[in-house]
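The values are calculated or read from the model by the stated rules, or taken from the named source; none is laboratory data. Predicted model, so just to flag it, every value in this text is computed and none were measured. Note that we place each Cβ from the backbone using ideal geometry, even for glycine, and neighbour counts take in every protein chain shown. Each accessible area value is taken on the protein alone, full model and side chains, heavy atoms only, with ligands, DNA and RNA left out. Shrake-Rupley method; radii C 1.70, N 1.55, O 1.52, S 1.80 Å.
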Amino acid sequence: MTLHIPFDNSYARLPEGFFAPQKPMRVARPSLIAFNEALAADLQISGADSADLAGIFAGNIVPEGASPLAQLYSGHQFGQYNPQLGDGRAILLGEVIDLHGTRRDIQLKGSGPTPFSRRGDGRAWLGPVLREYVVSEAMHALGVPTTRALAATRTGEEVFRDTPLPGAVLTRTAASHIRVGTFQIFSARKQWDKLQTLYDYTVSRHYPHVTSPTELLQEVIQKQAALVAQWMSFGFIHGVMNTDNCTLSGETIDYGPCAFLDAYDPNKVFSSIDRFGRYAYAAQADVIVWNMAQLATALVPLVEDTDTAITEFTDQIHAMPDLIRREWVQRFGRKLGISDADQEDAELIGDFLNLMQRENADFTNSFRALTDGTLADHLTHRADFDAWSDRWQVRRSADASEIMAQSNPVIIPRNHQIEAMIQAAVGGNDAPFHRLNTALAKPFVENRDYVDLRQPPEQDEVVQATFCGT
């Protein structure tokens with residue numbers, strides 16, 4: 001049976017200037033590593049037993065109905081505005097309507113150069129492809145809004161970074177790839193007609209109830225505030241929160257130098273390119289406010305009364321830190337079994353995190369041990385914990401155990417396990433990759449088969465830095 005993807009490509013129908021038509025580059029020897037059959041079924045993709053899977057998802061075969069293109073956008077990278085970025089190593093094949101009536105993009109990453117490659121090779125090597133596959137699917141299982149992985153393929157070719165490395169292509173899906181940077185480029189270029197078209201398209205696709213740029217900004221602010229609070233509740237560090245990596249849909253996108261906390265440290269940075277800690281774990285709440293301010297700036301020209309727009313947008317941005325704080329308190333409150341956490345609980349939550357930091361305690365395992373009632377057995381500062389616990393008991397909800405079990409995962413994609421998985425795959429062994437995906441699909445369920453994947457790294461296993469794939 002031939003693979004059938006029911007494309008309906010709305011972005012390709014936008015006017016000239018939003019993208020560059022671009023077919024993926026052929027590769028030498030495509031071979032399939034993984035195909036997400038459950039996701040494919042949700043996308044109404046049929047014929048998954050086709051022999052063409054590897055060829056399609058490596059870019060050698062353009063499936064019927066696809067309209068391959070590279071999207072244009074700009075963005076702030078580490079605070080510095082780059083006036084033109086765009087898909088430099090990604091091709092949007094097209095869109096489908098899933099079983100829930102939601103429009104989803106299907107995109108190849110690592111599929112060769114585009115007009116926006118900026119002298120890059122447009123390729124991806126195996127490590128970042130497998131990292132994004134594992135982490136994005138794990139985030140989905142945790143309940144975090146995210147792009148997802150549909151397939152991963154080897155290309156049978158080498159790519160050159162510092163050394164020759166095996167090439168690969170990731171196929172990912174997204175609610176859309178519209179970014180803050182997509183709005184920024186048309187606003188910066190004073191292309192008001194294109195900015196209006198993008199606004200109309202975004203509202204129609206994601207927020208059909210919205211009637212003004214002010215309402216759109218508020219919708220995106222609310223989604224991003226909730227998203228970052230959720231990241232932090234799982235110890236996730238995005239690593240590169242540039243405005244071109246910030247979606248209007250509110251999904252997590254672009255898993256480059258991302259990582260999860262081992263020992264709790266609010267100032268932790270993993271990204272090798274984040275030399276000054278701009279995107280450290282605790283800084284993410286501030287950065288998303290900054291990113292939304294850039295979106296607000298880009299939206300101002302859409303409002304006829306500029307002074308009113310600036311006043312309204314400024315009020316929304318200034319209110320955002322409190323919104324994030326409320327989301328953060330509610331998320332962490334549930335991790336402590338408090339169903340109705342409010343601002344008065346912020347001190348209780350903060351004191352527990354401070355205790356974890358003094359103990360150099362593992363973030364995920366500490367919250368799970370608290371859930372299971374075994375944390376005190378592992379602590380050095382027992383008296384401090386007992387004093388905190390007395391206050392905590394007063395605030396615990398009647399169904400605290402159930403709430404905590406649903407909020408504190410047993411297992412996360414640990415950095416050292418991801419690195420070990422990548423090294424195994426480079427050597428031709430994909431078993432650790434598949435085992436990680438299976439284990440992470442049910443993150444809140446105890447499973448003795450995966451006890452080893454729950455363990456923090458030994459001293460010689462600690463990952464000090466994570467890297468982009470470019």
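Which percent of the accessible heavy-atom area of the chain goes to carbon and sulfur, probe 1.4 angstrom? Using a 1.4 Å probe with all protein chains present, the chain comes out at 48 percent carbon and sulfur. Assign one of three labels to region 47-181, namely rounded, prolate or oblate, based on the Cα gyration tensor with a ≥ b ≥ c the square roots of its eigenvalues; rounded applies when a/c is under 1.5, prolate when it is not and a/b is larger than b/c, and oblate otherwise. Verdict is rounded for region 47-181. Look at the alpha carbon pairs under 8 Å that are at least 6 residues apart: their mean separation over the length of region 333-405 gives a relative contact order of 52 percent. Rolled with a 1.4 Å probe across the full set of protein chains, the surface gives SER212 an accessible area near 30 Å². A value for Cα Rg over 2.2 N^0.38 Å was derived from the coordinates, and within the list (1) 0.94; (2) 0.98; (3) 1.36 it appears as (2).
3J(HN,Hα) along region 402-411, derived from phi through the Karplus expression 6.51 cos²θ - 1.76 cosθ + 1.60 where θ = phi - 60°, amounts to 5, 4, 5, 5, 8, 10, 10, x, 6, 9 Hz, with x in place of Gly and Pro. Straightening the chain between LEU353 and ASP430 buys 24.0 nm, computed as 0.36 nm per residue apart minus the Cα-Cα spacing. Only the Cβ atoms of Lys and Arg (+1) and of Asp and Glu (-1) were treated as charged; on that basis the dipole of region 323-459 about its Cα centre amounts to roughly 280 debye. With a simple spin-label model that places each label point 7 Å from the Cα along the Cα-to-Cβ direction, the separation between LEU99 and HIS378 comes to 3.7 nm.
When +1 charges are put on Lys and Arg Cβ atoms and -1 charges on Asp and Glu Cβ atoms, the dipole computed for region 46-191 relative to its Cα centre reaches about 640 debye. Tell me whether region 117-214 comes out rounded, prolate or oblate; compute the Cα gyration tensor, take square roots of the eigenvalues as a ≥ b ≥ c, and use a/c under 1.5 as the rounded threshold. Oblate shape, in that a/c is at least 1.5 and b/c is the bigger or equal ratio. Sites listed here are trypsin sites (Lys or Arg not before Pro) in region 330-367 whose DSSP assignment is loop and whose Cβ has at most 14 other Cβ atoms within 10 Å, and the list is empty.
Counting charges near LEU126 (Lys, Arg +1; Asp, Glu -1) among other residues having Cβ under 13 Å from its Cβ returns a value of 0. Each Lys and Arg Cβ is given +1 and each Asp and Glu Cβ -1; about its Cα centre, the chain then shows a dipole of about 1240 debye. The relative contact order of the chain, computed from alpha carbon pairs under 8 Å that lie at least 6 residues apart in sequence, is 14 percent. Taking a sphere under 11 Å around the Cβ of LYS109 and counting the other residues whose Cβ falls inside, with K and R at +1 and D and E at -1, yields a net charge of 0.
Other residues within the sphere of radius under 14 Å centred on the Cβ of GLU458, judged by their own Cβ, net out at -4 (K and R +1, D and E -1). Based on the Cβ-Cβ distance from ARG119 to PHE444, what FRET efficiency comes out when R0 is 45 Å, to the nearest 0.05? Computed FRET efficiency for ARG119 and PHE444 comes out at 0.50.
Between TYR81 and ALA319, the contour length at 0.36 nm per residue exceeds the Cα-Cα span by 83.2 nm.
Exactly which trypsin sites (Lys or Arg not before Pro) in region 90-193 are in a DSSP loop and have at most 12 other Cβ atoms within 10 Å? Sites meeting the loop and neighbour criteria: ARG119, LYS190. I need the shape label for region 183-259. Rule: rounded when a/c is under 1.5, else prolate if a/b > b/c, else oblate, with a, b, c from the alpha carbon gyration tensor. Note, shape of region 183-259 comes out oblate. Pairs of Lys residues in the chain are counted when their Cα atoms are under 29 angstrom apart and they lie 8 or more places apart or on different chains; the count is 14.
In region 187-256, a dipole from Cβ-located charges (positive for Lys and Arg, negative for Asp and Glu) runs towards its positive end, and of LEU248, GLN191, SER212 it is GLN191 whose Cα lies farthest in that direction.
In the chain, once you exclude exposed GluC sites (Glu not before Pro) (DSSP loop, at most 16 other Cβ within 10 angstrom), what's the longest stretch remaining? Answer from the scan: 65-303.
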